[in-house]
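S.K.: What follows is a single structure, and I will ask about it in a moment.
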Amino acid sequence: MTTEYLYRQEVERVLSALMPQNQLIVKVMLQTGMRLSDALELRSEGLSTSGWYTESKTGKKRRYGLPRPLLEEIMEQAGPEWAFPGRKRGTHKTRQAVWADIKRASKAFRLPQNVGAHSFRKVYAVKLMKKYGKLERVQRNLNHASGSVTAIYAIADVLLDRKLKERERRRKKRI
């Protein structure tokens, strides 16, 4: 099952229920559109308000930008090697740990959609689409090879609206 878009209020609720370090990781994802694995692989050394990283999924280079207050929060809790250190010395936080916390937080608020780490990449894509109105720009920013995949991300809010309305229509029909 694919992860789905979250409305702004739902993003805020999930963020409020996350453990502090996981909250920072999700904020990085929301700010940059990074995949969870890429956010976790940020190294403390050289981390700044803007820079480049190589996507682990695609191997492509991608630029990121972080607001100074967010960067300062990250640096306050960063380890000597990793921006988001794990429990074991010399390791970064695991994807599974962040994923489990996101699932816990979304269940706590009984959100109707399937929420996962990738939901925040979709929130980022919708934000870009609303800001620029150009699918090509969103595609380039997300480093997607396919415009059709980008389209699904960029209109994730519309798709979720339709799905929830259809679900409500079916529910009323049963009553």
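S.K.: Any idea which of 103, 57 is within 18 Å of the chain's Cα centre (by Cα) and either within 15 Å of residue 22 (Cα to Cα) or among the polar types (S, T, N, Q) (or both)?
M.R.: Sole residue among the options that is within 18 Å of the chain's Cα centre (by Cα) and either within 15 Å of residue 22 (Cα to Cα) or among the polar types (S, T, N, Q) (or both): 103.
S.K.: Can I ask one more? Against the condition modelled with pLDDT of 95 or more, farther than 22 Å from residue 151 by Cα and in a loop (DSSP other than H, G, I, E, B), how does residue 16 come out, does it pass?
M.R.: No; evaluated as a whole, the condition is false for this residue.
S.K.: Taking the options 47, 36, 42, 24, name whichever one is more than 13 Å from the chain's Cα centre (by Cα), surrounded by 18 or more Cβ atoms within 10 Å (Cβ to Cβ) and of a type in the set (A, V, I, L, M, F, W, C).
M.R.: It is 42.
S.K.: Turning to a different aspect of this structure: Just checking, does the stretch 119-136 include any residue being among the small types (Gly, Ala, Ser) and either in contact with a Pro (Cβ under 7 Å, 6 or more places away or on another chain) or surrounded by 13 or more Cβ atoms within 10 Å (Cβ to Cβ) (or both)?
M.R.: yes
S.K.: Something else about it: Filtering the stretch 137-162 down to residues that are in a helix (DSSP H, G or I) and touching a residue at least 40 places away in the same chain (Cβ under 8 Å), which residue is surrounded by the fewest Cβ atoms within 10 Å (Cβ to Cβ)?
M.R.: 159
S.K.: Moving on to the next point. Restricting attention to the stretch 62-98, and to residues there that are charged (D, E, K, R), without any contact (Cβ under 8 Å) to a residue 60 or more places away in the chain and touching a helix residue (DSSP H, G or I) at 6+ places or on another chain (Cβ under 7 Å), which single residue is nearest to residue 45 (Cα to Cα)?
M.R.: 73
The values are calculated or read from the model by the stated rules, or taken from the named source; none is laboratory data. Just so it is clear, the model here is predicted, and its values are computed rather than measured. Methodologically, a virtual Cβ is constructed for each residue, glycine included, from the backbone with ideal geometry; neighbour enumeration extends over all protein chains shown.
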